[in-house]
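Please treat every number below as a calculation from the coordinates, not as lab data. Computed from a predicted structure; not experimentally measured. Every residue, glycine among them, receives a Cβ derived from its backbone with ideal geometry; neighbour counts consider all protein chains shown.
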């Protein structure tokens, strides 16, 4: 189903009115690992340090050293760019820490590349002590040397959409050492995570050697420490890592694992596999259903076409919402958390709801930005109301960055 005719096309003027009403101008800092015309920085960290909250780091193709984010900014690959962050010896990967309430971080199309010799590198993505919201959108990472690809600690407003996380492989046995288990793809501690259309796969267990046994695979996602944690997953895949080869009784990891009673999980249209699909001490609600999701093109220049690809149930009514800021809150009687700040939340201008069966494309032209604004990131999320199975589901959290046409 294509929603782009004259009667249903999204009003560019209405979107422009929303953006012109935003209170703060955002600056865009162009980052390229090769210096040249129009390039502001060759280092992600230098660009971050120069940015103000609300600014955008527009990153060109290249490989960059690690980044620590301590303010609410957007870090996005440019359209078609491949952006790798390399965690070299003792490298940090990407760390997001101490984001204050009211600020939002977006990382989009950022991929962590662990160097082959980085045996002591930390977790690829680490998010800790954040009161503000953090969204990883179309990102990927592979841990290395028994390290997780995603590590959450004391952060209650975290979402991942269209991402892929692979835990680091365990160490193989050697003449002077034993093998070790593979790492979990994601480690969650005293945090709240909403995950959409994302794969979590545990790392492979280390191989044995002679009389030294092989080790087991890592878990897809695990909660292994005290402190209340929550997970909502929609359209996600959780896979326990494969065991190593050799003697002993190594097993595959668990798709979703927790020994903590204070961890609660709700999943919709998600799959779990491994030695066990799930092994949980706390409450778990697993709801089957068809894929319901949304994927939005970003970044886009003024006047360029923005496309939202919506996957629906057999007979859904879909509402599309957007907001200036992100949040994470649960609503009574609705499946899934709302990622949008209520104070700046609006529906897209075409007639709502959109009747959708199977899929729909919603297209609109990105509006012109004000003269003082080079870029603006906002947030979008669909709400699905099924006319067949009664589901009322808040779907994929998405980010959309609009850039000045001169960039």
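What the table shows:
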{"read-out": "Residue order, fewest to most beta carbons within 10 Å, for 251, 402", "value": "251, 402"}
{"read-out": "Computed lengthening from residue 319 to residue 224, 0.36 nm per intervening residue step minus Cα-Cα distance", "value": "30.5 nm"}
{"read-out": "Viscosity 1.306 mPa s, temperature 10 °C, Stokes-Einstein D of segment 276-351 from Kirkwood C-alpha radius, µm²/s", "value": "101"}
{"read-out": "Order of 345, 352, 294 - criterion: other Cβ atoms within 10 Å of each residue's Cβ, fewest first", "value": "352, 345, 294"}
{"read-out": "Paramagnetic label zone (point 7 Å from Cα along Cα-to-C-beta, residue 404; backbone N under 20 Å) in segment 45-79", "value": "47-60, 73-79"}
{"read-out": "Highest-fluctuation residue, 177, 253, 208 considered, GNM on the chain with Cα pairs under 10 Å", "value": "177"}
{"read-out": "Kirkwood hydrodynamic radius (C-alpha pairs) into Stokes-Einstein, segment 293-403, 20 °C and 1.002 mPa s, D in µm²/s", "value": "148"}
{"read-out": "For peptides 92-100, 129-137, 158-166, 354-362, sequence by mean Cβ density within 10 Å, most packed first", "value": "158-166, 129-137, 92-100, 354-362"}
{"read-out": "Cα radius of gyration and Dmax for the chain (Å)", "value": "21.5, 72"}
{"read-out": "Debye-sum result for segment 142-231 in log10 I(q)/I(0), which assumes one identical scatterer on each alpha carbon, at q = 0.16, 0.24 Å⁻¹", "value": "-0.62, -1.04"}
{"read-out": "Over segment 122-161, relative contact order from alpha-carbon pairs under 8 Å, at least 6 apart, %", "value": "57"}
{"read-out": "Separation in nanometres of the label points that stand 7 Å from Cα toward Cβ, at residue 281 and residue 97", "value": "2.8"}
{"read-out": "Mean Cβ neighbour count within 10 Å, used as a protection proxy, ranking 281-290, 45-54, 227-236 highest first", "value": "227-236, 45-54, 281-290"}
{"read-out": "Taking the chain and dividing mean pair separation by its residue count, relative contact order in percent (alpha carbons under 8 Å, at least six apart)", "value": "13"}
{"read-out": "Spin-label proximity, residue 291 to segment 301-321 - amide N less than 13 Å from point 7 Å beyond Cα toward beta carbon", "value": "309-313"}
{"read-out": "For segment 361-401, diffusion coefficient by Stokes-Einstein and Kirkwood Rh (Cα), 20 °C, 1.002 mPa s, µm²/s", "value": "165"}
{"read-out": "Nitroxide proxy distance, nm - points 7 Å out along Cα→Cβ at residue 305 and residue 178", "value": "6.0"}
{"read-out": "Calculated [θ] (222 nm, deg cm²/dmol) that DSSP helices of n ≥ 4 give over the chain, each run adding -39,500 (n - 2.57)", "value": "-1000 deg cm²/dmol"}
{"read-out": "Segment 258-363, relative contact order in percent, only Cα pairs under 8 angstrom and at least six apart counted", "value": "24"}
{"read-out": "Alpha-carbon centroids, segment 216-292 and segment 157-180: separation in whole Å", "value": "15"}
